[in-house]
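All remarks here apply to the structure that follows.
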Amino acid sequence: MSKTKILFCMHHIVMGGLEKVLCQYLLELKKDKDIDLCVISKQKVTDNYFINFFKHNDIKLIDGIWYEPPKVHFYLFKKLVKIYARFRNMFFIRHLYGYDVYIDFANFSYNKEFQKLKSNKPKIAWCHGGINFFDNYIRHKERLQIYDKIVCLSESFRCDFIRKYQFLANKIVCIYNPIDFEFVQNGSKKQFYKTNDKYFVAVQRIDCDKSVETIIDAFSKFSERYKDIKLYVVGDGPLKNDLMNRANSNSNIIFTGQLDDAYFIIKKSLGLILSSTKKVGEGFGQVLLEAQALGVLAISSDVKSGPAEILLNGKAGYLFDAENSDSLCEVLEYIINHIKENEKKIKIATENLYRFDVKNCVNKLKILINEL
């Protein structure tokens with residue numbers, strides 16, 4: 001009996017929630033001896049964490065063969081560059097042939113390539129953003145009919161999607177992001193960054209899609225009253241220096257930069273904070289799940305589509321008004337003064353983690369593949 005060849009398609013692979021979820025799927029699927037896995041990335045993979053991941057787990061990676069044309073302003077030269085890119089990337093399409101299932105795992109980034117791919121094999125797309133992200137940033141929605149199924153990460157997204165985009169309604173399914181609890185808990189035993197204080201932690205990209213400035217402003221107000229509690233901001237991005245200046249040399253706000261593993265620093269914290277913008281929202285909020293798996297209080301901005309579902313509308317964590325530092329500051333002060341209530345929310349979160357077990361989520365994907 002031949003193996004089912006599955007190709008996961010990525011635009012790039014850098015440290016982030018989407019890529020960590022990809023690794024969870026790959027590790028669990030790899031246990032199935034009837035499945036043959038391959039990952040293709042348009043951009044070269046340069047992060048040592050992922051280079052080692054593919055090497056040590058013996059998962060095939062094809063990367064860096066896509067030609068990204070440089071930005072030029074001279075009209076004729078611009079035309080020549082586009083023509084060269086078109087011919088050069090015809091060779092990229094060749095690498096897509098020979099698979100039984102195609103999974104566009106990065107927000108429809110292979111839409112154009114699949115249009116050119118002369119294959120009727122099943123094509124599944126993953127949308128890792130919320131419904132606001134889909135509304136505002138996914139263009140040419142009519143082209144998404146090339147996909148047999150579109151996977152979203154929350155039931156609230158699925159319901160909004162069906163209501164707004166009825167011509168695609170028969171394609172949408174919900175599969176929660178998976179988490180391997182044993183992997184996370186084992187990871188929390190390794191200390192990558194030394195902390196000795198009482199602290200909250202934020203683990204996320206520092207860019208315009210995330211509202212990290214809300215956390216900085218809220219904690220600046222909070223630390224005026226609670227001077228013995230710190231905030232660790234784990235992550236990197238183009239806005240890091242601006243936010244460090246915004247913190248105004250507050251010694252209670254510490255930027256760690258990117259860490260290969262933040263599980264230890266999350267586990268020892270008073271709570272994990274996730275903040276997103278209203279416009280982009282949050283597809284899922286994987287780091288909230290990681291906090292819950294470690295028995296840590298989860299705090300999130302109340303945005304479309306995933307956080308409220310993970311936190312059971314506030315029963316399994318705290319929600320604050322998006323992009324509102326006063327609202328977050330009030331939540332942090334409430335947490336400090338309501339220890340018993342915090343413990344109750346952590347207990348409810350722990351009891352409901354079965355929804356995100358990696359085996360359950362991967363099994364749903366296998367059923368979907370078999371149906372197609």
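The values are calculated or read from the model by the stated rules, or taken from the named source; none is laboratory data. If you're wondering where the values come from, they're calculated on a predicted model, not measured in any experiment. For neighbour counting, all protein chains shown are included, and Cβ atoms are generated from backbone atoms with ideal geometry for every residue, glycine included.
Key figures
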| read-out | value |
| --- | --- |
| Residue count, region 264-283 (criterion: buried (at least 24 other Cβ atoms within 10 Å of the Cβ) and in contact with a helix residue (DSSP H, G or I) (Cβ under 7 Å, 6 or more places away or on another chain)) | 8 |
| Of residues in region 354-366 being surrounded by fewer than 15 Cβ atoms within 10 Å (Cβ to Cβ) and not charged (D, E, K, R), the one farthest from GLU28 (Cα to Cα) | TYR354 |
| Scope region 201-215; condition without any contact (Cβ under 8 Å) to a residue 60 or more places away in the chain and buried (at least 23 other Cβ atoms within 10 Å of the Cβ); matching residues | ILE206 |
| Enumeration of residues in region 118-133 that are buried (at least 17 other Cβ atoms within 10 Å of the Cβ) and under 30 Å from ARG88 (Cα atoms) | PRO122, LYS123, ILE124, ALA125, TRP126, CYS127, HIS128 |
| Residues within region 299-330 that are out of contact with any Leu (no Cβ under 8 Å at 6 or more places or on another chain) and within 19 Å of ILE229 (Cα to Cα), tallied | 6 |
| Residue among ILE40, ILE62, ILE6 that is among the β-branched types (Val, Ile, Thr), touching a Cys at 6+ places or on another chain (Cβ under 6 Å) and more than 25 Å from VAL234 (Cα to Cα) | ILE40 |
| Qualifying residue in region 293-310 (condition: free of Cβ contacts under 8 Å to residues at least 24 places away in the same chain and either surrounded by 23 or more Cβ atoms within 10 Å (Cβ to Cβ) or under 16 Å from GLY130 (Cα atoms) (or both)) | yes |
| Close pairs (6 angstrom Cβ cut-off, 6 or more residues apart or separate chains): closer than 26 Å to THR277 by Cβ and assigned by TED's automatic domain parsing to the domain that holds LYS278 in region 136-150, modelled with pLDDT under 95 and in a helix (DSSP H, G or I) anywhere | none |
| Residue that is farthest from the chain's Cα centre (by Cα), among those in region 177-198 that are of a type in the set (A, V, I, L, M, F, W, C) and outside any strand (DSSP E or B) | PHE192 |
| Leading residue by the ranking (farthest from the chain's Cα centre (by Cα)) among those in region 332-353 that are surrounded by 13 or more Cβ atoms within 10 Å (Cβ to Cβ), within 25 Å of TYR176 (Cβ to Cβ) and not basic (Lys, Arg) | ASN342 |
| Residue under evaluation VAL45, criteria (1) out of contact with any strand residue (DSSP E or B) (no Cβ under 7 Å at 6 or more places or on another chain); (2) among the β-branched types (Val, Ile, Thr); (3) farther than 23 Å from LEU368 by Cβ, criterion not met | (1) |
| Residue selected from region 199-222 under the condition outside any helix (DSSP H, G or I), modelled with pLDDT of 95 or more and not aliphatic (A, V, I, L, M), by the criterion nearest to CYS329 (Cα to Cα) | PHE200 |
| Members of region 222-259 found to be touching a Leu at 6+ places or on another chain (Cβ under 7 Å) and among the basic types (Lys, Arg), listed by number | none |
| Only one of LEU289, LEU294 that is at pLDDT 95 or above and not polar (S, T, N, Q) | LEU294 |
| Of all residues in region 38-60 being among the charged types (D, E, K, R) and modelled with pLDDT under 95, the one that is surrounded by the most Cβ atoms within 10 Å (Cβ to Cβ) | LYS42 |
